[in-house]
Structures are given as C-alpha cells and as structure tokens.
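In what follows, a structure is listed as structure tokens, so that the remarks can point back to it.
Bear in mind that the values in this text are calculations on the coordinates, not laboratory data. What you see is a predicted model; the values in this text were computed from it and never measured. Every residue, glycine among them, receives a Cβ derived from its backbone with ideal geometry; neighbour counts consider all protein chains shown.
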Amino acid sequence: MIDLEKKEDEQQKQTVEQRSGLRELFELFSLTGFVYGPLDSRLNIREALEKNLKKPVPPHVNWLFCFGGISLFLFTIQAVTGILLLMYYRPTIAEAYKSVVYITNSVPFGWLIRGLHHWGANLMIVMVFLHMLRVFFYGAYKPPRDFNWVTGVMLLVLTLGFGFTGYLLPWNQISYWATTVGTEVPGAVPFIGTYLTALIRGGQAIGQTTLTRFFAIHVVILPLTIGFFLLGHFFMIRKQGISGPF
Amino acid sequence: MSKVTETVCEHQVEMEKAPKMRRRSFLNYCVGATSLLFGGMSLYSVAKFLFPPGAFSAEAAGEAVTIPLVELPVGSAKNVRYKGIASIVIRTSEKNVHALSAVCTHLGCIVKWDSSKQVLVCPCHAAIFDINGNVVSGPAPRPLESFPVQFARDEIVIGEA
C-alpha cells in the first residue's frame, strides 16, 4: 500500500517537472485549469461538477417537475438580455421611447435582444405560475418544504414586480396608461392610499420621477432581492431533495 | 462453406483494425457541434449588438465640414468633428484660419485655445502647442495634425472640398 502511494507520488512529481511555466500559467487561468489543471487540485471543481451533474433523479420525476428549472432558465435569459439592453436604454422621459426604437430598428440584433427580453418576461410569469400550481396540486408545499413555499411566494411577487416595473420602461402609450391604472390600485387602501400612490409615483402624476423609480427598482433593487431569495430557494431544494413519490 | 467463413473472418479482422467510432461518441460529437453552433451564433449576435451602428463609419467618412463665417468671429475657436476626430478651428484674423486635430499627441486629451497667449493648451499634462500645431513645451511627442482649410464665400470649409 505504502509502496503504491510512493509510486504515485513519484509519477506526480515527474508530471509536475515536465510542465513548462507558460503551460502552468495557461492552465491556471483557463477552463482546463479549473477542471483538469492546478486550480482543480486546489478547488476540486471537477469532483464538484461531477457530483452535481451525476446526481440521480428519483424515477417518479416527469416533465411537470421541470417548470421551476425552466423558470430559472428564463430568469437567466432575462438577466443577460436585460444587461445587454442597459447598454443602449436611456431612462428619461424625453429619450426612453427613442432609445427603445433605436434598439429595435437600428442596433444590430437589437430586435432579437429586445424580443427575447419581452417574450422571456411573459413566459417566465407563465412558468412560475405553472410551477406553483404543480407544487400546490402535488402537496409539495407541506413540511419540511414549507419554507420553500414561503420563499417561492416571495419569488412570485418579485417576478410580478419585475413585470410591472419593466412595463413602464419603454415609455409608450400603453405602458404609461397601464402604470397609471396600476398605481391607482393601492390608492384604494383606506387612510394611506393616497400616500402609497404618491410614494410609488414619486408625485401626483406619472412623470420622470416615476420612470426613474421604476428603472431603479427594475435593474437594481429587484435583481438583488430576487437573487437572495433564489439562493435560499435552491439551497433548500438541494438540501431536501425532490418531493414525492405521491 | 469454408469460403463463407473465411470472408466473415476477414471482415471481422478489418472491423477490428479500422478505428471504431462508438454510437455514444458520435452522438456526443453531434451534441457538441450543435451547442458550438448555437453558442457561436448567440455570441455573434451579442457581439454585433454591442457595437452601435456607425461606431466605425465616422472615421472612414472624410466628408468636408463647413462652418458659416458668422459662427467663427476673429480671435475665436470652435470645436468640430472632422473625419471622426475631435478637431479645433481657430480664426486668428480676417483671412487666417487654422484647423487642427484637438487630440493631444501625449495621451489623447482635447486641447483648448488660449486666446491671450495664442497657444493651444492641453488640460491634462500641460502640453502647449502653437497655432500651427507644433509642440512648444510639455510631454507631447508629436505636433498636432493640421487639416486644409478653404474660404468659400461666407463659410469656411475644412478638408479637401
């Protein structure tokens, strides 16, 4: 046993000596470094990857169990296309609509990026709802997964918040009036309704302050918040495994 | 009978000699090629998206810039874009106009016209150029590029009109 280990050690020493400095550097800073090279010997990336990719799925799992994953996939698309749109979008009432038209008509593949963001938003809301329905009808919200349901409801609210705040950003007729209607709704709350509406709008009517607020919520506040809840949601799934069979 | 077995044997030998591609590795290649194609197309469109239209065409266009004389009184300077380069046009007297690149040859700041000292001063590291673009002092290694200027009735034309 000890002899064998000694032999392996010698072999490893030899391979280390054969490496040139340049190759070592390349491997350290490249993907091969992460998965096969010197970084892996320190971080065990390969082992972790294999453990995650080869994690067995219980046999009762079917397509209905994929809605959460599809929601995450769509969220990633929203994050990437959203960051790309930020490169051209200008959040002022004079420039917002113009910049959106510019993205759609003039920027190469701008129509594609904007279309992906638009369709991704709608599909994500659909998928989050389907995911929630599946969890509800299978009773997968019951303990010990009850806190997963709680974070899931938070994620649903945040997703709808993304949709509501993103809708105003193109600053066209439909978004302006939809936001007018949407911000009238909290006005019905007794006693504090008018204050709530004024808080959301940043004034009496929809204007530059509203656009600035919605932009800030859409690109900074909501992404940070949803990231926090997503991490919690996924950590609990990983810890508790897939629910069922039922 | 013996002939048939012989041919079968030969065939088997050939099969063992020939490099085998297993079904799984073939499928793996197909998946790899598809994802490479898809990833490449996605990356291509994203890369194109990040370069706005006209990002490079401004440099290529060598169109002449015209400035009405009323906009440039004697002793004043005006910043224009010529061939996509930030440039400065200075009118020192009634019939004397200079057009220079305003990009300092040191580290690329935009120089300003100091009318009292009749020099161009770079705000970043205090390089000084004279009216013809020659270096008077400072860290600038080369003179400023100057552009041809012509008078046409009531306007100034920069470039070969």
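When the charge dipole of the protein assembly as shown is built from unit charges on Cβ atoms (+1 for Lys and Arg, -1 for Asp and Glu) and taken about the Cα centre, the candidate among A:243, A:167, B:150 whose Cα reaches farthest toward its positive end is A:243.
Sort out for me the Cα centre separation of region A:200-246 from region A:116-191, rounded to whole Å. Each part's Cα centre sits 9 Å from the other's.
Oblate is the label for region B:58-158, because the ratio a/c of its alpha-carbon gyration tensor axes (a ≥ b ≥ c) is 1.5 or higher and a/b is not greater than b/c. Taken over the Cα atoms of region A:37-106, the convex hull encloses 173 Å³ per residue. To the nearest ten degrees, helix A:67-86 and the longest principal axis of the Cα atoms of chain A are 70 degrees apart.
Ordered by the number of other Cβ atoms lying within 10 Å of each residue's own Cβ, fewest first, B:149, B:119, A:153 fall into the sequence A:153, B:119, B:149.
Determine, for B:89, B:70, the number of other Cβ atoms within 10 Å of each Cβ, and report the residues in order from fewest to most.
On the way: B:89 24, B:70 8.
Ascending Cβ contact count within 10 Å gives the list B:70, B:89.
Students often get this wrong, so check it: of B:83/B:117; A:51/A:142; A:51/A:239, which have C-alpha atoms separated by over 24 Å?
Values: B:83/B:117 28 Å; A:51/A:142 28 Å; A:51/A:239 14 Å.
Exceeds cut-off: B:83/B:117; A:51/A:142.
A simple spin-label model places the labels of residue A:172 and residue A:199 3.2 nm from each other, with each point 7 Å out along Cα-to-Cβ.
In sequence order, region A:205-218 has phi-based couplings of 10, 5, x, 4, 4, 4, 4, 4, 4, 5, 4, 4, 5, 5 Hz under the Karplus curve 6.51 cos²θ - 1.76 cosθ + 1.60, θ = phi - 60°, and Gly or Pro positions carry x. Only Cα sites of chain A enter the Debye sum here, all with the same form factor; the resulting log10 I(q)/I(0) across q = 0.07, 0.11, 0.17 1/Å is -0.40, -0.81, -1.24, listed in q order.
Taking the beta-carbon count within 10 Å as an exposure proxy, list B:42, B:35 from fewest neighbours to most. Display every interim value, and only then the final one.
Details: B:42 13, B:35 10.
Going from sparsest to densest Cβ surroundings: B:35, B:42.
Relative to the dominant Cα principal axis of chain A, helix A:110-137 is inclined by about 80°. If you sort the three axes of the alpha carbon gyration tensor as a ≥ b ≥ c, you get a/c of 1.5 or more for region A:71-136 and a/b above b/c, which makes it prolate. A Cβ-based charge dipole, computed about the Cα centre of chain A with Lys and Arg at +1 and Asp and Glu at -1, lands at about 540 debye. 3J(HN,Hα) couplings calculated from phi for region A:190-195 with the Karplus curve 6.51 cos²θ - 1.76 cosθ + 1.60 (θ = phi - 60°) are, in sequence order, x, 6, 9, x, 5, 5 Hz; Gly and Pro show x.
Computed from phi, the 3J(HN,Hα) profile of region A:223-239 under the Karplus parametrisation 6.51, -1.76, 1.60 (θ = phi - 60°) reads x, 5, 5, 5, x, 4, 6, 4, 4, x, 4, 6, 4, 5, 4, 4, 6 Hz, with x in place of Gly and Pro. Distances between placed amide hydrogens fall under 5 Å for residue B:80 paired with B:87, B:88, B:89, all partners being 5 or more residues away or on another chain.
For chain A, the 222 nm mean residue ellipticity estimated from helices alone, with every DSSP H stretch of n ≥ 4 adding -39500 (n - 2.57) and the total spread over all residues, rounds to -23000 deg cm²/dmol.
When the Cα positions of A:191, A:97, A:76 are compared along the charge dipole of region A:55-240, A:76 comes out farthest toward the positive end, with charges on each C-beta of Lys, Arg, Asp and Glu.
Summarising the amide proton neighbourhood of residue B:136: residues at separation of 5 or more, or on other chains, whose placed amide H is nearer than 5 Å comprise B:128, B:129, B:130. The long axis of helix A:173-184 is offset from the longest Cα principal axis of chain A by roughly 80 degrees.
Near residue B:147, the amide H atoms lying under 5 Å from its own belong to B:99, B:100, B:101; only residues 5 or more places off or on other chains count, and H is placed 1.01 Å from N.
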